[in-house]
Structures are given as structure tokens and as C-alpha cells.
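Here's the structure, in C-alpha cells; my notes come after.
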Amino acid sequence: MAIKGREIAADKRPASNLVFLIDVSGSMQSPDKLPLLKHAMATLVAQLDERDQVAIVVYAGKEGVALPSTRLDTPGRATVLKTLSILEAGGSTNGGAGIKRAYELALKEKLEGGVNRVILATDGDFNVGVTGRDSLVGLVKERAKNGIYLTVLGFGSGNLNDAMMDAITHDGNGNYFYIDSEREGRKVFLQNLTGTLVTIAKDVKIQVEFNPAKVGGYRLIGYANRVLRNEDFNNDKVDAGDIGAGHSVTAFYELKPAGAAAGPEGLKYQATPPQTVASNEWLTVKLRYKHPAGDESRRIEFALTGDALALDKVDADYQFATAVALFGMKLRAMEDVRETAWEKVLTLAQPGLTDDPTEDRAEFVELVKKLAGQKRRILPAPAEVRPGAPTTPGYKSRRNFSG
């Protein structure tokens with residue numbers, strides 16, 4: 001399943017009110033943290049123009065405004081870059097206080113009809129002030145109601161609190177990027193500028209219902225932290241992921257042939273009592289989303305028909321995406337791919353390199369080669385990511401996940 005948000009040309013994007021919230025605590029001293037962070041932020045500033053305004057809030061043991069909201073005309077741009085260049089790391093981390101101050105500043109300068117966003121850059125090591133995950137999620141979620149979105153940039157390794165960063169963006173109408181190199185910083189802020197800043201849909205939910213006449217069982221590959229209950233799909237009070245301009249989401253399902261027992265009552269392909277309804281459709285996909293400024297969702301749906309193809313007969317893009325999915329399964333040490341060689345991942349990925357203008361695919365292939373050449377211990381899959389977990393007799397007939 002692949003969806004892509006509509007693209008917005010850079011010169012058509014709305015004006016931006018951005019607050020950089022920068023972690024300058026002692027843990028940010030290493031070269032892959034604050035120095036890389038400053039470079040990434042400078043890359044973003046270089047892509048903005050006089051329509052935009054930037055403020056900088058820093059936090060360590062205490063938080064403070066390093067730069068009030070500044071219009072990015074020529075003098076303003078120079079001021080922002082100078083402020084970034086003199087930042088230094090030291091002290092403990094009061095992330096909660098910094099987030100509060102950043103949202104206050106963003107709300108004060110809010111642009112109606114524009115992009116209003118806090119950009120938090122950190123290694124995620126919150127150790128002073130509001131530190132609990134639930135407390136931070138609640139704080140960010142409440143501020144999101146005012147139309148201030150959140151982007152989190154994770155830097156460094158070792159103490160990066162990835163789960164915390166993912167949680168506060170998922171519930172705070174935001175997105176999350178991990179930047180480990182100047183190249184990755186350029187990709188986030190040059191190639192994906194509008195997708196990084198401009199949200200075109202929020203609370204995006206996808207529900208897939210399989211036709212038991214075609215599909216006897218299935219499992220969703222990945223999205224372990226994005227699976228929703230069936231009843232949450234139609235509940236507009238339940239938060240889900242957001243989609244930025246040009247942003248794409250791809251999900252893979254592994255299917256078993258028809259023959260398993262029918263699923264719950266009330267679905268498209270079942271009668272009552274459960275009895276398979278004749279249809280040449282494989283499945284129906286339902287997509288529900290809200291306008292960024294709205295509270296009521298819109299639903300669209302479509303069915304899939306057609307013939308199944310052998311893997312070597314599908315296009316190179318599909319094969320490459322399959323390689324990425326297999327890569328993730330092997331990283332989770334899923335039992336049924338544990339004996340699959342890394343070379344299989346490379347074989348599937350190679351055809352996709354013929355269409356790789358940004359060289360992202362080549363980077364993936366090099367990553368697989370490095371991993372294949374190392375002997376490292378990979379942790380077992382967590383308990384909640386068990387393949388093909390049955391519920392009622394047979395497999396589930398539908399599955400929800402958010403963008």
C-alpha cells in the first residue's frame with residue numbers, strides 16, 4: 001500500500017513562523033550532535049526567504065530566548081546564522097521547560113494561514129524538569145490544538161531517546177527525523193523542505209479489509225507502534241499520524257492463500273451469518289484524514305482487483321521496496337527470515353538503482369553491505385510484533401494503521 005501527499009512548489013508554500021528549540025546541554029558536545037545540528041539548521045535557513053521568520057530558544061539547566069522572532073531579510077538571515085554559530089553546549093537538560101517557552105513564542109508570533117512550527121533539535125536526553133514521556137506527550141498534544149505543529153530532529157547515538165521523540169511527534173501533530181550526517185541534513189531540509197514544514201493532512205488513518213475469497217491470512221510488516229483498534233478508525237477523537245506535502249507512506253502486507261475462516265461480521269466481503277461473498281476484489285482500502293485546520297475527518301476508499309505477479313515480474317520500484325521491508329524484518333530477527341541471506345536483500349534492491357537521482361537507494365545498498373559484512377547480535381522481535389497473530393477463528397479480516 002503506497003500513498004503520497006500532493007506536492008507544493010517551494011515558491012507556493014505559505015509563509016513560515018518557526019521557533020528553533022535547541023538542546024545545548026552537556027550531552028550535545030560531540031561532533032555528531034551540536035556542531036552537526038548547527039549545520040543542519042543553517043541549511044534550513046538558507047532555503048527560507050523574507051516571507052519567513054525565525055526565533056531561537058535554547059535549553060540546558062535553564063531555558064532562554066537566544067533570538068526573538070526575526071524576519072529573514074538579508075540582515076535578519078545574517079543575525080540568525082550568527083546566533084547559531086556561537087551556541088555552545090554545557091549543563092543538564094530541562095527539555096520540558098524549553099518546549100513550553102518555544103510554544104509560547106510560536107503562539108505569540110502565529111501567522112494565520114501560514115506554517116507555525118516548533119523545531120526541536122536534541123539528542124533526546126531529558127533529565128531535568130518535565131521528563132516523563134506521558135507528561136511531555138500531554139504538553140505537546142495540548143499545544144497542537146492551537147495550530148502549532150512540531151518537528152523533532154534527533155542527533156547522535158548512545159543516549160538518543162528515540163521512543164520519546166517518536167511519541168511526542170505522533171501525538172503532537174508533528175514529524176521526526178534522525179540526522180547523522182551533513183548529507184542527511186541536506187536531504188531533510190533541501191529535498192524535503194515543504195514536506196518537512198507544510199502539513200497537508202492530519203490524523204491520517206488507513207484501514208485495509210481483505211476479501212477471504214482471495215486472502216486466507218495476512219500480516220502487516222512493521223508499523224508495530226502505529227496499529228490502531230478497528231473502532232478507532234471512525235473515531236475522530238483518536239490521534240494518528242500527519243502527512244506533509246509530497247510525503248509518502250508505504251506499507252507491506254504478507255498474504256496467505258484463501259482458505260482460512262471468515263472474519264468478523266459486518267464487513268464488506270462477509271454475509272451474516274459469516275459466509276464469503278463472491279467477488280474478484282482482493283481488498284478494500286479506506287483512508288480517513290482531516291484538514292490541518294479541521295476537526296472532522298473525510299473518508300475515501302477504493303478496491304483492488306487484478307492478477308498476482310511473480311516477484312521477478314514486478315517493477316524495480318516494487319522490488320526495491322520489498323528489499324527495504326525484508327531488511328527491516330531481518331533487523332527484528334523475525335523467525336521466518338532469520339536464515340535468509342543479506343545477499344537476498346541486495347539482489348532485490350539492485351534493479352532500483354537505475355532510477356536513483358538523489359542516491360538514497362545507493363546509500364541503502366551500502367548500508368546493507370556494511371551490515372552484511374559485520375558479525376553483530378540483533379535482538380529478538382518484541383512480543384507485540386508476532387507474525388500472523390490470530391484473534392477470532394482464522395486471521396483478522398481488517399487492520400488499521402496510521403500514517
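The values are calculated or read from the model by the stated rules, or taken from the named source; none is laboratory data. What you are looking at is a predicted structure, and each value in this text was computed from that prediction instead of being measured. When we count neighbours, we look across all protein chains shown, and the Cβ atoms used for this are built from the backbone with ideal geometry, even at glycine.
Tabulated results
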read-out: Selection count where residues are part of a loop (DSSP other than H, G, I, E, B) and over 15 Å from the mean Cα position of the chain (by Cα), scope region 187-239; value: 11
read-out: Out of GLU343, GLU339, sole residue that is free of Cβ contacts under 8 Å to residues at least 40 places away in the same chain and assigned to a helix (DSSP H, G or I); value: GLU343
read-out: Residue in region 129-140 that is modelled with pLDDT under 70, surrounded by fewer than 22 Cβ atoms within 10 Å (Cβ to Cβ) and under 21 Å from the mean Cα position of the chain (by Cα) present; value: yes
read-out: Qualifying residue in region 301-317 (condition: within 18 Å of VAL227 (Cβ to Cβ), modelled with pLDDT of 90 or more and surrounded by fewer than 19 Cβ atoms within 10 Å (Cβ to Cβ)); value: no
read-out: Cβ pairs under 7 Å, 6+ apart, first in region 29-53 and closer than 11 Å to GLU182 by Cβ and assigned by TED's automatic domain parsing to the domain that holds LEU84, second among the acidic types (Asp, Glu) and assigned to a loop (DSSP other than H, G, I, E, B); value: ASP32/ASP180
read-out: Filter result for the condition that a residue is more than 26 Å from ALA201 (Cα to Cα), surrounded by fewer than 17 Cβ atoms within 10 Å (Cβ to Cβ), assigned by TED's automatic domain parsing to the domain that holds THR151 and of a type in the set (A, V, I, L, M), over VAL80, VAL65; value: VAL65
read-out: Set ILE8, ILE3, ILE22: member being in contact (Cβ under 8 Å) with a residue 40 or more places away in the chain and over 29 Å from LYS108 (Cα atoms); value: ILE3
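Each row is one residue, and each column tells you yes or no for (1) surrounded by fewer than 19 Cβ atoms within 10 Å (Cβ to Cβ); (2) on the phi > 0 side of the Ramachandran plot; (3) at pLDDT below 85.
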{"position": "ARG226", "(1), (2), (3)": "no, no, yes"}
{"position": "GLU231", "(1), (2), (3)": "yes, no, no"}
{"position": "ASN234", "(1), (2), (3)": "yes, no, no"}
{"position": "LYS237", "(1), (2), (3)": "yes, no, no"}
{"position": "ALA240", "(1), (2), (3)": "no, no, yes"}
{"position": "ILE243", "(1), (2), (3)": "no, no, no"}
{"position": "THR250", "(1), (2), (3)": "yes, no, no"}
{"position": "LEU255", "(1), (2), (3)": "yes, no, no"}
{"position": "ALA261", "(1), (2), (3)": "yes, no, yes"}
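Residues checked against (1) within 19 Å of ILE148 (Cβ to Cβ); (2) within 22 Å of the chain's Cα centre (by Cα):
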| site | (1), (2) |
| --- | --- |
| SER27 | no, no |
| LYS33 | no, yes |
| THR43 | no, yes |
| VAL58 | yes, no |
